[in-house]
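Here's the structure, in structure tokens; my notes come after.
Just so you know, all these numbers are worked out from the coordinates, no wet-lab data involved. This is a predicted model, so every value here is computed, not measured. Neighbour counts are summed over all protein chains in view; Cβ atoms, including those assigned to glycine, are modelled from backbone coordinates with ideal geometry.
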Amino acid sequence: MTVNGKTYEHEVEPRLLLVYYLREVLGLTGTNVGCDTTSCGACTVLLNGESVKSCTVLAVQADGADITTIEGLAGPDGKLHPIQEAFREHHALQCGYCTPGMVMAVTSLLRENPHPSEDQVRFGLEGNLCRCTGYHNIVKAVLAAAAAGAGSAPIGAGTAGAVPTGGAVAGGGAR
Amino acid sequence: MSATQAPAAGTVGSRLTRLEDPALLTGEGRYVDDLAVPGALHLAVLRSPYAHARIRSVDTSAALSQPGVVAAFSGADLQQEWASPMPCAWPVTPDMKNPPHYPLAVDTACYVGDGVAAVVAETAEQAQDALASITVDYEELPAVVDLEDAASDRVLVHESLGTNTSYVWELNPDPEAVERAFAGAAHTVSERYVQQRLIPSAMETRGVCVVPQPYGGEYTLYSATQIPHILKIMAGLTTGIPESKVRVVAPEVGGGFGSKLNVYAEELLCLALARRLRRPVRWREERTENAQATIQGRGQVQRIELAADSEGKLMAVRVKLLADMGAYLQLVTPGIPLLGGFLYHGVYHTPAYSFSCQSVFTTKTPTDAYRGAGRPEATYAIERAMDALARKVGVDPAEIRRRNFIPTESFPYGSTPGLVFDSGNYPAALDKALQLVGYEELRAEQARRRSAGETKHLGIGISSYVEMCGLAPSRVLASLNYSAGGWEAATVRILPTSKVQVVTGTSPHGQGHVTSWSMIVADKLGISPEDVEVIHGDTASSPHGMDTYGSRSLSVGGTAVYLATERVLDKAKRIAAHQLEAAEEDLEFSGGAFSVRGSPERSMPLATVAFEAFTAHNLPEGTEPTLEASVTWDPPNFTFPFGTHVAVVEVEEETGRIELVKYVAVDDCGNQVNPLLVEGQVHGGIAQGVAQALWEEAVYDKDGNLLSATLADYLVPAASELPSYVTDSTVTPSPTNPMGVKGVGEAGTIASTPAVMNAVVDALSPLGVTDLDMPASPMRVWEAISRARQGRN
């Protein structure tokens with residue numbers, strides 16, 4: 001499996017979910033888990049360029065896939081992706097827990113539809129719950145990012161996020 | 001500079017983007033479950049599937065032979081671990097009934113989700129798997145679900161108490177005045193409202209990790225909590241570990257809304273088991289556990305009566321509550337109805353007032369603080385009742401409010417229930433909101449639709465609110481029997497390199513304290529907010545604190561930061577005056593430097609003073625080295641934010657479908673440190689309040705099963721269900737603190753629920769509907785329309 005541009009190979013239990021593979025085996029803890037029912041979208045990542053809820057994909061199903069997580073979105077120098085920048089500019093996050101999934105869902109949305117209407121943004125993100133912002137500033141940020149051409153912005157060249165920080169020792173130990 | 005020019009970037013009043021964000025936007029933020037702790041054991045809790053059951057026996061032996069399992073315990077097995085039961089810090093009356101509550105139930109399970117056994121294993125999956133091997137022999141007892149049924153004592157939740165009533169609390173300063181008012185009233189209103197139970201649903205569920213330190217006998221307790229300081233004290237008391245040996249850390253915390261303002265069984269279990277097993281023990285809550293075993297909010301049956309004269313001016317408000325405590329009293333469960341008990345007259349001058357609350361146990365998840373905690377309930381009741389009064393008097397809902405507003409010139413206003421409202425200008429907020437929403441045009445459009453017989457009805461709902469926040473003057477808390485103070489602590493230190501460290505006792509979980517506290521300090525010291533580091537959520541670095549809840553952080557904790565900064569600056573001035581050989585009175589401070597008034601060439605930057613304070617080579621006589629000051633601030637009063645929200649809905653007569661088409665909020669939280677963050681708080685609050693009105697409910701069946709225990713069943717709204725909001729503000733500074741700030745964390749939630757429900761009822765009023773329970777689901781709306789039609793036929 002390629003994650004944020006780096007290739008990994010592991011033997012895993014058949015029941016291991018992709019999100020726990022990312023979090024516990026690779027130490028990429030930016031992707032969060034918020035529910036058990038595929039309802040909240042906190043675990044959204046890109047699988048072969050399309051958004052998926054990684055709590056509903058088995059790690060083995062993603063065998064050979066190309067995965068992008070929140071850690072892989074910014075540039076290698078730490079420069080934020082335009083969507084991340086727009087989220088900051090428009091105060092589209094508070095506690096930050098839904099944010100990685102939300103940002104990945106927006107990345108996918110804008111690649112499919114680079115210039116969505118407000119309604120298209122709202123319906124496009126209905127699989128991602130946020131409890132803090134009331135969505136107002138998220139929608140604002142997405143529209144601003146779209147206007148700035150974020151839909152065609154490159155995804156961070158795949159080097160920034162591949163090195164788990166602090167999580168390097170986490171494989172198997174984090175949980 | 002003109003008066004309307006925006007404040008300079010980064011100074012108080014500017015829209016500085018958050019310093020917290022880069023880490024959170026790149027996945028670098030660390031929540032509890034992200035912490036890598038090698039060798040940690042994992043806890044899983046077996047929970048009662050029954051709402052009420054005697055535990056005849058618990059057999060954990062088979063679990064012990066499961067792969068990876070290290071230990072398994074029943075409640076009885078762990079009784080020796082506890083020095084005292086789980087804490088309730090708010091015994092509101094001397095005779096309040098409070099059943100013993102332990103982290104695991106010992107002989108009776110009292111709600112679905114009550115812990116009955118625990119397993120610790122090498123992995124979370126192994127612990128979870130092993131729960132299935134535990135055998136519990138239950139004797140099922142009848143559930144107590146309905147509040148009125150609970151009050152009848154037909155079935156007792158806790159047999160040993162002899163009653164289901166925990167307490168009766170009354171606030172009735174002049175009973176005869178209330179009687180007289182009702183006897184002489186031209187109009188009376190008598191309404192019954194139900195505050196359904198809500199599941200707070202922070203996006204991060206709870207999580208705990210306890211690490212016994214290899215040296216010093218200390219335990220580090222990481223928890224997704226709003227209250228590291230209170231938790232430290234309570235964890236010490238319940239486990240018998242000296243408080244000095246417990247360090248609590250709240251890392252990034254993914255939302256709380258009151259649900260993490262508690263001391264929970266799993267925090268104590270992890271701590272006790274880490275002590276017992278001498279290994280780190282961690283736990284992560286699943287979403288269904290979060291619904292069942294984290295506190296829920298609201299849960300009241302409200303009876304409100306208004307007495308008014310012929311003009312619709314209020315003469316008295318009389319309120320009787322029945323409040324659902326759930327199965328046990330958690331940290332502040334009993335106090336929640338009281339926080340609203342002083343505010344059932346809302347923004348209206350009310351000469352006579354009576355409030356009483358009977359609180360009862362049920363076999364359901366305990367209730368406790370949820371965003372607004374008592375004030376949303378009070379605001380809902382008075383704002384819905386005022387609309388009912390407007391209908392009786394035959395005036396517009398805006399007019400009935402105007403006639404009754406506490407006059408602007410009467411602040412500080414002594415209310416009949418005994419509070420002093422600090423400052424207010426209620427008509428200004430109402431006027432602004434009505435103008436922003438286009439009230440006259442909307443009423444005209446509504447009239448047009450009605451006369452045309454259209455079946456998509458337009459409804460306009462107004463909610464004018466005031467709330468008390470900034471908890472709180474410690475002496476007032478004492479009068480309410482609250483077992484702690486309401487102060488907050490801050491330390492500001494300017495380091496030798498001139499970087500500034502701020503240590504705060506508040507514990508943010510999304511509010512942006514790092515940004516706001518940095519702005520307060522930077523503004524005063526004439527430096528950039530980026531040069532300020534805010535340290536929070538770790539009892540090792542901030543030994544004193546009262547944490548974050550009740551919209552208190554800015555007005556209490558922010559004020560402590562402000563005052564500590566002033567104190568540091570005073571000391572710096574003393575040192576600068578000494579070194580510049582000038583009198584302190586002759587120094588001025590601007591642009592980050594002291595200079596002698598009239599001789600600007602005699603100046604000394606603060607950075608130089610910081611270094612001088614560090615080297616201590618040349619300090620004035622009697623001045624201690626280093627630039628540091630600590631302040632513990634106890635506010636003289638609550639603060640009283642207010643405002644008016646207006647909701648506009650469309651309701652389809654045939655389907656009962658409601659759409660929120662426009663929402664205007666005008667809030668007054670006094671002076672604003674960062675309007676960007678203020679708006680964010682309002683937006684989120686609105687969404688949660690709208691959700692109570694339209695979608696959310698913790699649904700229990702008659703056997704006490706929680707039917708809405710997942711996010712597939714419990715309807716936390718998505719972006720597609722909400723509109724963008726129009727937000728604005730008025731600014732009436734608070735005299736309670738030097739910055740003139742109030743609080744805004746809960747205002748949106750407090751105002752929005754009644755605004756939406758008033759709009760729904762307004763839309764349906766031509767059909768004869770005058771009341772509707774929440775959430776106003778299409779089914780409920782459709783039924784209400786059908787009932788109203790039958791009533792007319």
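Miscellaneous remarks
- With both labels modelled 7 Å from their Cα along Cα-to-Cβ, the B:Glu445 to B:Arg780 distance reads 2.5 nm.
- Among B:Gly346, B:Leu676, B:Ala576 the positive-end extreme of the charge dipole of chain B (Cβ point charges): B:Gly346
- Amide H contacts under 5 Å for B:Tyr700: B:Leu707, restricted to partners 5 or more places along the chain or on a different chain, H placed in the peptide plane at 1.01 Å from N.
- Label separation (B:Val731 vs B:Ser190): 4.8 nm, computed from points 7 Å beyond Cα along the C-beta direction.
- Nearest-0.05 FRET efficiency for A:Asp63 and B:Ala183, computed from C-beta distance (R0 60 Å): 0.15
- If R0 is taken as 22 Å, the Cβ-Cβ distance between A:Val12 and A:Thr56 corresponds to a FRET efficiency of 0.85.
- Rounded, prolate or oblate (a/c below 1.5 giving rounded, otherwise prolate when a/b exceeds b/c) for region B:487-633 by Cα gyration tensor: prolate
- Test item: B:33-42 mean partner chain Cβ contacts at 10 Å: 5
- Cα centre as origin, Lys/Arg/Asp/Glu Cβ charges: chain A dipole, Debye: 360 debye
- Distance (nanometres) between label positions extended 7 Å along Cα→Cβ at B:Ala478 and B:Ala8: 4.4 nm
- Relative contact order of chain B, defined on C-alpha pairs under 8 angstrom at six or more residues apart (%): 15 percent
- Dipole axis of chain B (+1 Lys, Arg; -1 Asp, Glu on Cβ), positive-most option in B:Gly459, B:Ala484, B:Val208: B:Gly459
- Mean Kyte hydropathy of -1.0 or more with a Cα span along the axis of at least 18 Å, helices from DSSP in chain A: A:99-112
- Think of each Lys and Arg Cβ as +1 and each Asp and Glu Cβ as -1; about the Cα centre, that makes the dipole of region A:82-152 roughly 140 debye.
- When the Cα gyration tensor is reduced to axis lengths a ≥ b ≥ c, the ratio a/c stays below 1.5 for the protein assembly as shown, which is therefore classed as rounded.
- Descending by average beta-carbon neighbour count within 10 Å, the peptides B:93-104, B:191-202 line up as B:191-202, B:93-104, the highest first.
- Other protein chain C-beta atoms within 10 Å of residue C-beta, averaged over B:725-731: 1.
- From most to least packed by mean Cβ count within 10 Å, the peptides B:745-751, B:658-664, B:229-235 give B:745-751, B:229-235, B:658-664.
- Calculated FRET value between B:Arg276 and B:Phe614, using beta carbons and R₀ = 60 Å, to 0.05: 0.85
- The slack between B:Glu159 and B:Thr455, meaning 0.36 nm per residue of separation minus the straight C-alpha distance, is 101.2 nm.
- A simple count of charges around B:Arg247, restricted to other residues whose Cβ falls under 12 Å of its Cβ and scoring Lys, Arg +1 and Asp, Glu -1, yields -1.
- Sorted by Cβ density within 10 Å, fewest first, the residues B:Leu711, A:Leu73: B:Leu711, A:Leu73
- When the Cα gyration tensor is reduced to axis lengths a ≥ b ≥ c, the ratio a/c is 1.5 or higher for chain B, and with a/b not above b/c it is classed as oblate.
- Cβ-to-Cβ counts within 10 Å put B:Glu266, A:Glu13, B:Glu218 in ascending order as A:Glu13, B:Glu218, B:Glu266, the fewest first.
- Computed packing ranks the peptides B:602-614, B:6-18 as B:602-614, B:6-18, most packed first, by mean other Cβ atoms within 10 Å.
- Extension gain, B:Arg54-B:Ser84: 0.36 nm per intervening residue step, less the Cα-Cα distance, totals 8.6 nm.
- Inter-chain shielding of B:708-718 (mean C-beta neighbours from other protein chains, 10 Å cut-off): 4
- Listed by chain and number, the lysines placed with their C-alpha closer than 19 angstrom to that of A:Lys140 are B:Lys662; residues fewer than eight positions away on the same chain are left out.
- Going by neighbour counts of Cβ atoms within 10 Å, the residues B:Arg475, B:Arg574 line up, fewest first, as B:Arg475, B:Arg574.
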